[in-house]
Structure formats: C-alpha cells, structure tokens
1. Taking a virtual spin label 7 Å from the Cα of residue 204 along the C-beta vector, which residues in the stretch 149-175 bring their backbone nitrogen under 18 Å of it?
2. Would you please put 243-251, 207-215, 259-267 in order of how densely packed they are, using the mean number of other Cβ atoms within 10 angstrom per residue and starting with the highest?
3. Tell me the label-point distance for the pair residue 195, residue 60, using the 7 Å Cα-to-Cβ offset, in nm and rounded to one decimal.
4. Over what distance in Å are the Cα centres of the stretch 116-179 and the stretch 243-268 separated?
5. Pull out the extension gain between residue 240 and residue 148, defined as 0.36 nm times the separation in residues minus the alpha carbon to alpha carbon distance; nm, one decimal.
6. With r defined as the distance between the Cβ atoms of residue 256 and residue 219 and R0 fixed at 22 Å, what FRET efficiency is calculated, to the nearest 0.05?
7. For a quick protection proxy, order the peptides 57-68, 147-158, 191-202 by their average other-Cβ count within 10 Å, most packed first.
8. By how many nm would the segment from residue 50 to residue 134 lengthen if fully extended, with 0.36 nm per residue of separation less the alpha-carbon distance?
Amino acid sequence: MRVSSGQRIPVVVQSRGRRRAGARALWVAAETVVTCGVVVLLLVVHQLWWTNRQARAEALQQVRVLEREWDISPPVPVPDLITGSGGASPTGTVTPEAAAPPVGPSDAPAPRPAAEDLGDPPPSAAFAVLRIPRLGLTVPVARGISKRSVLDKGYVGHYPGTAAPGRTGNFALAGHRNTHGEPFRYVNRLVPGDEVSVRTRARTYVYRVDQILRQTAPRDVGVVRAVPRSIVKPSYGYDEPGAYLTLTTCTPEFSSAYRLVVWAKLVR
C-alpha cells in the first residue's frame, strides 16, 4: 500500500497493560500496609490486654493457694519484730545489679532471712501476699526480680539480699508498671499515711507509707539498701535503721527510663 507524503500513520500506544501492572503494585502495597497494621495491633492487644489478663489470673490463683495453705497450717511463732535479727546482707547494702528496679538480674540466692517469715521458698517461689487497700491490689510476693520467672507472671519480686518482711532492714520489692499484670501501675497514687500489708505464713505485717520519690535513675542503688537513701537525690531517704518497705517500679508509664520509689515504715 502506498502512502502519500501528506498522510500520517496512526501510532497505537499499548498503555492498558502498564496501568494494570501499576494498579496491581498499588494493591499489593496496600495489602502489605494493612497486614502490618493488623500484626502491630495484635501485638499491642497481646501486650496490653492478654498478658495482663493471663498474669492477673495466675497471680490471684497463687494468692488463693498460699492463703488456703496458711489457713489450714498452724502459725509459726516469730521473735520480736523490731529488734530481732534482720534479713539484710552483712554489709547492709546490695549490689548495683540487684538494685536496678524492676528489670535486671536473675533471682540468685540471697542471704537467708528468718525462715519463719519466708518459709524458706525456692527461687522464684511465692512466699507472701501484698495488699494495698487504696489501690485495691492483692498480689503474691516471690523471691527474686527475674522478669521471666517472677515479674512477667504478675508477681511482685523481692530483691535478693534485702530484709524479710517485718524485720529490721529494708523489705524491698519490684513490680511491673505496665503489662504482665501491672501490679504497680498506680503506686503513684499512694500518699503518706496509706497502709500496706504483707501477709506471710507467720503473720500479717502492716506498713504505713512515709516517703515517695517520684523519679530517680535506674542505677540508684541506695533506695534498696538496709537504711534506704537515694544516692541520686540524697534529700530522699533515711538516716537510722528501722523496718522499712520499699516499692519500686518504672516511670513514666510505658517507659523504663526512670524509677518510682515508695517507702513505708512498719507500724504493727
């Protein structure tokens, strides 16, 4: 076929296939974004809801087991609570590793406090029940502050090397602020004068909140010493031996940047 010089040949551009490929790529990208969003949402739900529900159920069951056992067992006589032998380490201090609340060391064996107060439990075993009426909190206390075997189960952990409940020295505890039962989520609501009780096989000890250190560094080992005093903020703490209770947790919420510390004194 002859084409005159003034006649143009039409050019057909095959763009339909390219448009389909571009649409398919956008669809795949959108599906990927949605899938990632669902996965992240499920992880958040798991951390903020499921771990709390699971840990709280396990912790409350442990409380029932302990108190059922204590109610059918005869109480163990205890010596004088204030002047009796303390449960602190021989030097009256703890190592920096043991004092980085609440996440850090494994629950290594501690110097043995009075057996009648701890019941000589194995590592990570619950031996007491902590109650804070203002917070509506009832939670078991276990040896050590290991995340996996103590804190992540919804328990409160007893710092190795610190005193037994009711004894001269510092009965120092750590607990999660968020997730895994979050027993210490609202300890920031405590005020001086609030009562905290600790029940053991032997008896129930009652402490009264005295001082609150709203924020300190994780390395502040002074807060869990036998005579607690912050080494970061020395105006907080004590100068004389006594029977102290220390509660430690992370702050602010959903962060482990700092530590919140509550101190209480034994009143009965």
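1. What the label zone holds, given the 18 Å backbone N cut-off, is 165-167.
2. 243-251, 259-267, 207-215
3. 2.4 nm
4. Distance between centres, Cα-based: 12 Å.
5. Values: separation 92, 0.36 × 92 = 33.12 nm, distance 3.51 nm.
That pair, residue 240 and residue 148, stretches by 29.6 nm at full extension.
6. On the way: r = 13 Å, r/R0 = 0.57.
Efficiency computed from Cβ-Cβ geometry: 0.95.
7. On the way: 57-68: 15.7, 147-158: 23.8, 191-202: 18.2.
Those peptides, ordered most packed to least, come out 147-158, 191-202, 57-68.
8. Values: separation 84, 0.36 × 84 = 30.24 nm, distance 2.50 nm.
This chain segment gains 27.7 nm when fully extended.
Values in this text are rule-based calculations from the coordinates and carry no lab data. Keep in mind the model is a prediction, meaning the values are calculated, not measured. Quick reminder, even Gly has a Cβ in these numbers, built from the backbone with ideal geometry, and neighbours come from all protein chains shown.
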